[in-house]
Amino acid sequence: MTSIYTVSRDDFYDYLRCPKIVAIKAYKAFRHTREPKEAPIVRSIEPALIGIIGEQVTQLGFESLPDKEIMDHVVRRFPQVNANVQLNQIVIDSLRGMKEIRRNLQKQHGEIKIIGKGEGRHPDLACTVQPDFIAFSEGRKLPIMVEVKEATRQDPSDVF
């Protein structure tokens, strides 16, 4: 099957700016003609929803609740988890990751208890920082800021 892509004046302008823009447009047009018409419609999941669910799993994960009870809490608050297989898998993966993180933090700092949300301000800057949670551990007197990131791998910016 041959695909014909006509070049418009806008495409020529995009080519002068960056040839990759036209290549990406052509690829998208070609791919769109190759997709079957019976393809299932997959609704995208809002990143904000994934973040809120991740925060819920983190908060419940630090409370040493069983996995089934955490899932029940999450499903009660977000009923769409049962309806979306992809979202359900995200919750299961988050739960698995949370257990591993909690185990590593307990080895380093002892039992950690989340006390709630917080806000901090640097004395030299005008802005504030709002971490997802503030926690305390048995071995430290200083608070621990907990920031939830829903990612499968660690970026260099995640390392302190």
Q) Ranked from highest to lowest mean number of other Cβ atoms within 10 Å per residue, what is the order of the peptides 141-149, 49-57, 69-77? A) 49-57, 69-77, 141-149
Q: Please work out how much length the chain gains when fully extended from Gln80 to Lys117, using 0.36 nm per residue of separation minus the C-alpha to C-alpha distance, in nm with one decimal.
A: 10.8 nm
Q: Run down the lysines and flag those whose C-alpha is under 30 Å from the C-alpha of Lys99, throwing out any fewer than 8 positions away in its chain.
A: Lys68, Lys107, Lys113, Lys117, Lys141, Lys149
(Q) Please compute the modelled spin-label separation between Ser64 and Ile101, points set 7 Å along Cα→Cβ, answer in nm with one decimal. (A) 2.0
Q. Over all distinct Cα pairs, what is the inverse of the mean 1/r for the stretch 69-111, reported as the Kirkwood hydrodynamic radius in Å?
A. 11.4
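Any read-out appearing in this document is the output of simple, stated calculations on the displayed coordinates, not a laboratory observation. Given the structure is predicted, the values throughout are model-derived calculations rather than measurements. When we count neighbours, we look across all protein chains shown, and the Cβ atoms used for this are built from the backbone with ideal geometry, even at glycine.
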